[in-house]
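The values are calculated or read from the model by the stated rules, or taken from the named source; none is laboratory data. Not measured: the values here are computed from a predicted model. Positions of Cβ are generated from backbone atoms using ideal geometry, with glycine treated the same way; all protein chains shown enter the neighbour counts.
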């Protein structure tokens, strides 16, 4: 009798309200800028809405798997609706900079970012000097084109 009651209570607890599987109600979902994160939800999603698409992007991979991508630093909200328009989730998203292995170099007012893993190489981060970013982007495009030509 006790086992059956415990099983019923457990089933009821998991079936009450569909939510994001990894979101704490008081904490925003955190994703690094220029990175993606997989979110699993407990009910099928039909529509996803990001409050500020300049900060983050969200796509439906399958009805219960979402892919959240950090586009720019900041916070926005995420709303997930089912096929009837009922809310599955309404939570905050925080897009942050990944601090590991990055070195920021200031030369006067120009800012440059290097990824050091273990050798430092230029990388493009929001807020970097535009000339540095253009040179870094052009250099990586040359390497990519040379590799695809072979």
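Checked against (1) under 12 Å from the mean Cα position of the chain (by Cα); (2) surrounded by fewer than 16 Cβ atoms within 10 Å (Cβ to Cβ); (3) at pLDDT below 90, residue 34 meets all criteria but (2). Figure legend. Inter-residue proximity from the range 131-150: first residues without any contact (Cβ under 8 Å) to a residue 12 or more places away in the chain, second residues surrounded by 10 or more Cβ atoms within 10 Å (Cβ to Cβ), beta-carbon distance below 7 Å, spacing 6+ or different chains. Indicated pairs: 133/124.
Does the range 141-149 contain any residue that is in a helix (DSSP H, G or I), surrounded by 10 or more Cβ atoms within 10 Å (Cβ to Cβ) and modelled with pLDDT of 85 or more? No - not one qualifying residue is present in the range 141-149.
Residue under question is residue 48, and the condition is that it be touching a strand residue (DSSP E or B) at 6+ places or on another chain (Cβ under 7 Å) and at pLDDT 95 or above; does it hold?
On the way: touching a strand residue (DSSP E or B) at 6+ places or on another chain (Cβ under 7 Å): yes; at pLDDT 95 or above: yes.
Against the criterion (touching a strand residue (DSSP E or B) at 6+ places or on another chain (Cβ under 7 Å) and at pLDDT 95 or above), residue 48 qualifies.
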